[in-house]
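Participant: Encoded as structure tokens, here's the structure I'll be asking about.
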Amino acid sequence: MLPVKKILCPTDFSEPSYVGIRSANELAHHFSAELILVHVVPPIHFYSPPGGTALNLTKYLEDMVTASQKSLDEVAKNRISPDVSVQRTVLQGNPADQIIDLASSEKVDLVVTATHGWTGWRRFIFGSVAEKVVRLATCPVLTAPAPQEE
């Protein structure tokens, strides 16, 4: 695993994901590694009732990608050290699958991801992206736990 030259860090722009970004930034700074920040726009499950208003899904997805790119730019500007080389990527699809595929195609040395710490019904309903990445990634994965609620 060492030396670490390329680190992938997914974000959903939540506070727990910023814990992962902080850890990835520190590691990238320490190892002089390239940092790849990624956000995945999940698929849209949409049902239009008969006679309902039409939604332009293509335009909606384009807007989501554009907004995500702007948010990644802000994250890079405000949360990544100026001396860290950072690449920003927005993808569409199943988040865990896209993260795993990107880690493989970019030949990253390490994935750093935050966990939301969900249990019970939340985990059942929303699933666990971090868990699937840990199970299926072909490189080491470092998980950063969500901050404890007060």
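Coordinate-derived values only; no laboratory data. Remember, predicted model here, so these are calculated numbers, not experimental data. All Cβ positions, glycine included, derive from the backbone under ideal geometry; neighbour counts span all protein chains shown.
Participant: How much FRET efficiency would the formula 1/(1 + (r/R0)^6) give for E15 and H45, where r is the Cβ-Cβ distance and R0 is 25 Å, rounded to 0.05?
Facilitator: Step by step, r from the Cβ atoms, then E = 0.50.
Participant: In addition: Under a 5 Å amide H to amide H cut-off, with H placed in plane at 1.01 Å, what residues pair with T115 once short-range neighbours are removed?
Facilitator: The list, which skips near neighbours in sequence, is A144, A146.
Participant: Same structure again: Given all pairs of different Cα atoms, what value in angstroms does the Kirkwood hydrodynamic radius of region 1-42 take?
Facilitator: About 10.7 Å, per the Kirkwood formula over Cα pairs.
Participant: Residue by residue through region 97-109, what is 3J(HN,Hα) from phi via Karplus (6.51 cos²θ - 1.76 cosθ + 1.60, θ = phi - 60°)? Round to whole Hz and write x for glycine and proline.
Facilitator: Each residue of region 97-109 in turn: 4, 5, 5, 4, 5, 5, 4, 6, 5, 8, 6, 6, 8 Hz.
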